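K.L.:
Could you have a look at this structure, given as structure tokens, before my questions?
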Amino acid sequence: MAETHIEPPKPARRALPPPISLTERAADRVRDLVAKASKPVLGLRVGVKARGCSGMSYVVEYAEERRKFEDVVEQHGVKVFIDPTAVMFLLGSTLDYREGQMESGFFFENPNEKGRCGCGESFTI
């Protein structure tokens with residue numbers, strides 16, 4: 001009689017949380033910007049650039065296509081593409097949109113930040 005070997009089942013892979021989350025206000029603003037774009041876009045792209053007095057600054061731009069190695073966060077009916085070089089700086093962040101009397105824009109609540117410059121345009125990790 002031939003002996004059969006049965007492999008034990010592999011444990012299920014737990015889904016990783018998205019690199020960032022979006023508030024409903026941020027998703028509403030993304031939806032609005034995509035609808036008003038001058039050319040077809042898939043969503044917004046979020047990244048980080050080396051600049052500003054604290055060393056790093058957030059970048060938000062239109063995403064016309066998905067680039068190689070990008071993560072895509074789909075929440076509240078919109079897509080946000082994450083630049084692969086920025087993922088490690090954005091992990092656990094929340095993207096919000098705020099409007100005030102003096103300014104309005106996207107705001108990152110980033111648990112990785114160690115400080116911000118006085119003007120709020122750049123941060124350090």
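K.L.:
Full-extension gain between His76 and Glu99, please, as 0.36 nm times their residue separation minus the C-alpha to C-alpha distance.
P.N.:
6.3 nm
K.L.:
A further question on this structure: Quick check for me: using +1 on Lys/Arg Cβ and -1 on Asp/Glu Cβ, what's the dipole size of the stretch 20-124 about its Cα centre, in debye to the nearest 20?
P.N.:
260 debye
K.L.:
Extending each Cα 7 Å along its Cβ direction at Arg67 and Thr85, get the distance between those two points in nm, one decimal.
P.N.:
0.7 nm
K.L.:
First obtain the Kirkwood hydrodynamic radius of the stretch 17-64 from its Cα pairs, then insert it into the Stokes-Einstein equation at 25 °C and 0.890 mPa s, and state the resulting D in µm² per second as a whole number.
P.N.:
The diffusion coefficient I find is 201 µm²/s.
K.L.:
Please state, rounded to one decimal and in Å, the Kirkwood hydrodynamic radius that the stretch 20-124 gives when every pair of distinct Cα atoms enters the mean of 1/r.
P.N.:
Numbers: mean 1/r = 0.0705 Å⁻¹.
That comes to 14.2 Å for the stretch 20-124.
Read the figures in this text as sums done on the coordinates, not as results from a lab. Being a predicted model, the structure only gives us computed values, none of them experimental. Ideal geometry is used to build each Cβ from the backbone, glycine not excepted, and the neighbour counts take in all protein chains shown.
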